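First comes the structure, then the notes that go with it.
Bear in mind these aren't lab numbers, they're just calculated from the coordinates by the rules spelled out. Quick caveat, the model's predicted, so the values are computed rather than measured. Here Cβ is always computed from backbone atoms with ideal geometry, including for glycine, and neighbour counts include all displayed protein chains.
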Amino acid sequence: MTNTITVALVLLIAGVFVVDATVLHLDLPLNAARSFAQLVEWVSFWR
């Protein structure tokens, strides 16, 4: 992955969070954190 692609992905994700916070009000960071916590639990099961 090149630096250009990395910067573009970071800006895209940050832009989605900003649009959610200002317009959509879907609580995307909270939902993403909950999904990540579920993923960690699932992966730790297979450990």
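Numerical summary
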read-out: Hey, Val43 of a type outside the set (Ser, Thr, Tyr) and within 15 Å of the chain's Cα centre (by Cα) or not; value: no
read-out: Residues that are over 11 Å from the mean Cα position of the chain (by Cα), in a helix (DSSP H, G or I) and surrounded by 10 or more Cβ atoms within 10 Å (Cβ to Cβ), drawn from segment 19-37; value: Val19, Asp20, Ala21, Leu24, Ala37
